[in-house]
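Step one of this worksheet: look at the structure below.
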Amino acid sequence: MKPFVELKGIMKVYGHSKSNKIAVLKDVSFSFEQGEIIGLIGASGAGKSTIGKILVGLEQQTKGSITVDGINLHTLSKKARRQFAKNIAMIFQDPYESLSSRMKISQLIEEPLIIQKIEPDAKQREQLVREALQVVSLDPDKYMTRYPHELSGGERQRVGVARAFITKPKIIVADEPTSMLDTSLRLELIQLLKSMNEQFGISYVFVTHDIALTKNFCDRIIVLHEGEIVDEGPTEQVINEPTHPFTRALIDALLILEGAKN
Ligand code: ADP
């Protein structure tokens with residue numbers, strides 16, 4: 001049986017002219033099953049976000065293929081790729097930056113349904129927004145009419161999660177979603193993501209610097225170094241018995257960084 005998601009030989013080159021071309025992903029292949037939570041770790045600039053952006057369709061790979069649920073995304077027409085987009089959503093690092101300040105919470109959460117032409121009926125959209133807010137434990141009656149600046153950092157990140165959830169995705173790419181939050185809010189967000197995983201079977205590709213958080217959250221870890229996978233395996237195994245010297249150094253460095261932050 002084919003895995004649920006398979007990335008094969010992904011290469012990404014940024015830049016056009018000879019002098020500014022850089023290969024940020026060299027030959028990245030990995031796969032995961034429905035409901036699996038994958039932690040993607042690596043130093044800054046290793047190419048983690050680029051993998052996330054390619055998965056959600058914000059960037060196009062230079063080479064290689066992505067198959068999701070038996071569908072090779074490359075073979076889809078532009079229209080079909082747009083329709084497919086609802087299956088893979090993204091949560092961003094900075095809920096301040098990623099949420100337009102001029103839109104109400106209800107409009108922000110509803111927007112993907114409009115952009116992706118998923119639900120033409122306004123009443124139905126409102127119902128879906130209410131459901132999404134309930135999933136992230138924000139009272140719809142209290143939050144729908146507010147603006148992002150009227151929310152705390154943790155609440156804003158929950159809105160980001162509701163916005164990702166509204167299209168009922170099978171996969172969510174979470175790019176450093178906890179890095180702007182303090183420790184207790186980080187744990188709350190992880191618990192929320194975990195409960196959505198258990199309730200709805202959503203898989204995550206969780207891009208992070210936070211090794212401590214991966215321990216109770218990620219099923220597997222993939223270590224990226226300069227655009228290549230250097231280590232991969234069950235979370236505990238990668239953290240406790242890394243096979244690549246780079247992984248040990250990275251984990252030690254990230255643990256020190258985390259220690260300094262907390
Ligand atoms: P990470 O998420 O691991 O920090 P990124 O995927 O964001 O790494 O970036 C990998 C490399 O690609 C970096 O060297 C970065 O400067 C470069 N890069 C990212 N986006 C672009 C872009 N749009 N144009 C040119 N270079 C880019």
Sorted by average packing, counted as other Cβ atoms within 10 angstrom per residue and highest first, what order do 118-125, 190-197, 151-158 take? 151-158, 190-197, 118-125
Could you list, in their original order, any pairs among LYS21/LYS117; LYS2/LYS78; LYS78/LYS215; LYS78/LYS170 whose Cα atoms are separated by more than 27 Å? LYS21/LYS117; LYS78/LYS215
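Can you give me the convex hull volume of the Cα atoms of the chain, divided per residue and expressed in Å³? Please list the in-between numbers first.
Numbers: hull volume 37.7 nm³, N = 262.
Spelled out: Cα convex hull of the chain, divided by residues, is 144 Å³.
DSSP beta bridges in region 100-234, what fraction antiparallel, as a percent rounded to 5? Let's see the in-between values first.
On the way: 6 of 11 bridges.
Counting only bridges with both partners in region 100-234, antiparallel ones make up about 55 percent.
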Want the number for LYS26 to SER184: 0.36 nm per residue separation, take away the alpha-carbon distance, what's left? 53.2 nm
Does region 183-262 come out rounded, prolate or oblate, given a ≥ b ≥ c as the square roots of the eigenvalues of its C-alpha gyration tensor, rounded meaning a/c under 1.5 and, failing that, prolate meaning a/b above b/c? oblate
Restricting to Cα pairs under 8 Å and 6 or more apart, the percent relative contact order of region 118-262 works out to 16
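How much of the DSSP beta bridge set in the chain is antiparallel, as a percent to the nearest 5? Don't jump to the answer; show the numbers that get you there.
Details: 20 of 37 bridges.
Close to 55 percent.
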Relative contact order (percent, whole number), region 5-261, Cα cutoff 8 Å, 6+ residue spacing: 26
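Counting only protein heavy atoms and a 1.4 Å probe, tell me what percentage of the chain's accessible area is made up of carbon and sulfur. Intermediate results must be reported in sequence, preceding the final value.
Working: 6520 of 12880 Å².
Answer for the chain is 51 percent, counting heavy atoms of protein chains only.
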Reduced to Cα centres, the span from region 1-68 to region 98-128 in Å works out to 29
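When each pair of different Cα atoms in region 1-49 is counted once in the 1/r mean, what is the Kirkwood radius in angstroms, to one decimal? Don't skip to the end; give the middle numbers.
Working: mean 1/r = 0.0784 Å⁻¹.
Its Kirkwood hydrodynamic radius stands at 12.7 Å.
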Using a Förster distance of 51 Å, how high is the FRET efficiency between LYS78 and LEU255, based on the Cβ-Cβ distance and rounded to 0.05? 0.70
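So what is the 222 nm mean residue ellipticity for the chain from helices alone, if each DSSP H run of at least 4 adds -39500 (n - 2.57) and you divide by all residues, rounding to the nearest 500 deg cm²/dmol?
About -12000 deg cm²/dmol.
On a full-extension model of 0.36 nm per residue, what is the gain between GLU198 and GLU150, subtracting their alpha-carbon distance, rounded to one decimal in nm? Can you show the working numbers first?
Working: separation 48, 0.36 × 48 = 17.28 nm, distance 3.05 nm.
Taking GLU198 through GLU150 to full extension adds about 14.2 nm, to one decimal.
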Accessible area (Å², per residue) of region 5-261, counting only protein heavy atoms and a probe of 1.4 Å: 48
At a 10 angstrom cut-off on C-beta neighbours, averaged per residue, how do the peptides 75-84, 204-213 rank from highest to lowest? 204-213, 75-84
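The values are calculated or read from the model by the stated rules, or taken from the named source; none is laboratory data. The shown structure was predicted, so the numbers you read here are calculated from the model rather than taken from an experiment. Cβ sites come from the backbone with ideal geometry, for glycine too, and all protein chains shown count toward neighbours. Just the protein is used for accessible areas: all its heavy atoms, side chains included, with ligands, DNA and RNA removed. Shrake-Rupley method; radii C 1.70, N 1.55, O 1.52, S 1.80 Å.
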